[in-house]
1. What is the Cα convex hull volume of the range 56-146 when expressed per residue in Å³?
2. Hey, what did the range 56-146 get for relative contact order, percent, Cα under 8 Å, at least 6 apart?
3. Which log10 I(q)/I(0) values, to two decimals, does the range 94-137 give at q = 0.23, 0.25, 0.32 Å⁻¹ under the Debye formula with one point per Cα?
4. What's the local net charge at S103, with K and R +1, D and E -1, over the other residues with C-beta under 11 Å away?
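Coordinate-derived values only; no laboratory data. Everything numeric in this text was worked out from a predicted model, so none of it was measured. All Cβ positions, even for glycine, are placed from backbone atoms using ideal geometry, and neighbour counts span all protein chains on display.
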Amino acid sequence: MTHVLKSLSRAGESVRATAPQSAARGGRRTGSAARPARRRGDTAWQPLGPTPCFPAWASGHADFAGAWQTVMTDVFNTDQITFTATTDDPRSPVRNRTFNRFSDAAEEDALSRLYLGVHYRWDAVDGLRLGRDVGSYVVGHELRRL
């Protein structure tokens, strides 16, 4: 629960960062006094889909994935369950994905938002942590054994 409280307190802080899609195109300044600064980036980079206009931190997909993973691991008493997930998104090049662990699916779900240009890695990392903390709270306080 400590991470939840720390995460919620961070949510009130102002995070000043360039939008992920802009950062990918423009890169970051590199160099030193001895070498002139230059930008490294890919000006042709395009996100896989439209990027929403809302704050990036923390990733909602990662929050939900972390909570889901924690609850499923508790219900099945293991993280190591093989399952196949299917998407109905017509733009997806892959319709089915097989995972051997709930945690693998949760981490892939969280990182998928990076490729859309919606989030930075820290949004996914913090979101997974926050979601796992929420899942732990649910398991410990709300979930009832069948």
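1. Numbers: hull volume 9.0 nm³, N = 91.
So the per-residue Cα hull volume is 99 Å³.
2. Working: 137 pairs, mean separation 43.4, N = 91.
Here the relative contact order equals 48 percent.
3. Taken in order of the listed q values, log10 I(q)/I(0) reads -0.85, -0.93, -1.10.
4. Working: positive: R101, R132; negative: D79, D104, E107, E108, D109.
Every neighbour counted, the sum reads -3.
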